[in-house]
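Here is the structure we will look at.
Throughout, read-outs are computed from the coordinates displayed, never taken from laboratory work. Keep in mind the model is a prediction, meaning the values are calculated, not measured. So basically every Cβ, Gly included, is an ideal-geometry build from the backbone, and we count neighbours across all protein chains shown.
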Amino acid sequence: MRNRLTTDQVGRRRRPATLADVAATAGVSASTASRALNGRGELSASTRAAVIEAAERLGFQPSPLARSLRTRRTTTVGYVVPDIASPFYAASLKGAQSVLESAGYRVMLMDSEQSVEGEVAALRTLVNHQVDGLLVATAGVGPAAFADVVDAETPCVFLDSVLDGAGAGTVTLENAAGIEMLVEHLRGHGHTRIALLAGPRQETSGSERLDAFVAAARPAPELIRTGPWTLDSGAEQTGALLALERPPTAIVASSAELALGCLAACRELGVRLPDELALVTFDDPYFGALLEPSLTAVGYDPAEVGRAAATLLVGAMEDEDAPRRDVRVPVTLIRRRSCGCEEER
């Protein structure tokens, strides 16, 4: 028959090991054990080794709360995005996590739901949790509102949509270069009446892509349609463009979501791509090559946006004198059939 453990024995086995347990096992004081485990103080190699061996044998796990009270650091980073359902923000989060976890930080994710009020609430929650730093893709909060919530001493890096001059740095895409590529590509196909499905002007990517389109295409005012980054907006604005007395022969969508809305509207209206309308987009979704027709796009690595932002933030958190940096992630043109090109291989 197996020996049964008493209630006291079960309790003793399940209780996590404490620093006092480690100290008693190693035959040293609790303060000496603490210095050995944290790599501080002048200790002999044999003492330090005895403490580490005791900690490993007992399965000792230092308390994150105790560590944070001692160091005034929580080893957590807040990440605020406008819409976590967006493939761009999901991929950028993965990129950021890979850098932050390697540096010993965990991520607290907040979705502002594309509203300034939601962003302020998310920032306030993260600040109340005493995060060591922030990664923020702003939904349009102003500098004053941001400063009311986030202390100037909290390291912050903005990505994709930014507050100019604020924070420890920014990471954005080559928005202007990407739009110029798309406009010039359509001109190469003979298009002169080119329209734009634009994103929100209060966001960096929206305003930079709109400004670049105006400079490159010099469109008539009715060829620019602005709205949120949604499929519904893309479909609605495409319908308005196609209802013009002189509709465009080509459309540049400022995001993949807007491009998908455009495709949906064209199918509903019976407009054939690329025979009757050419479509190109900023953003190359992972399913872009699977659409019918496949989507010509400006592509980039969204995970690199997250990695670059996290790298800047780690530098700012670990060195308060780290210089501010502004990074641009490069883009490239991917030719497919939605504008009349042959599929790129």
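Assorted remarks:
- Net charge contributed by nearby residues that have their C-beta within less than 9 Å of Ala256 (K/R +1, D/E -1): -3
- Where trypsin sites (Lys or Arg not before Pro) fall in DSSP loop in region 215-301, at most 14 other Cβ within 10 Å: Arg272
- In a fully extended conformation the segment linking Arg124 and Glu42 would gain 25.4 nm over its present Cα-Cα distance, using 0.36 nm per residue.
- Relative contact order, percent, the chain [alpha-carbon distance under 8 Å, six or more residues apart]: 16 percent
- Ellipticity estimate at 222 nm from DSSP helix runs (n ≥ 4, -39,500 (n - 2.57)) divided over the chain, nearest 500: -13500 deg cm²/dmol
- With only Cα atoms counted, the chain has Rg and Dmax values of 27.0, 91 Å.
- Per-residue HN-Hα couplings for region 226-233 [Karplus 6.51, -1.76, 1.60; θ = phi - 60°; Hz; x = Gly/Pro]: 10, x, x, 7, 9, 4, 4, 5
- Amide H within-cut-off set for Ala250, under 5 Å, with H built and near neighbours excluded: Ala195, Ala278
- Sequence-distant residues sharing a close amide H with Ala17 (under 5 Å, placed H): Gln61
- Cut-off under 5 Å, modelled amide H: who pairs with Glu174 long-range: Val329, Val331
- Taking 0.36 nm per residue of separation and subtracting the current Cα-Cα distance, fully stretching the chain between Arg201 and Ser29 would add 55.7 nm.
- Segment Met108..Thr192, full-extension length gain: 25.5 nm, with 0.36 nm per residue of separation and the alpha-carbon distance subtracted.
- Gaussian network model of the chain, springs between alpha carbon atoms under 10 Å - residue of Thr204, Thr25, Thr75 with greatest fluctuation: Thr25
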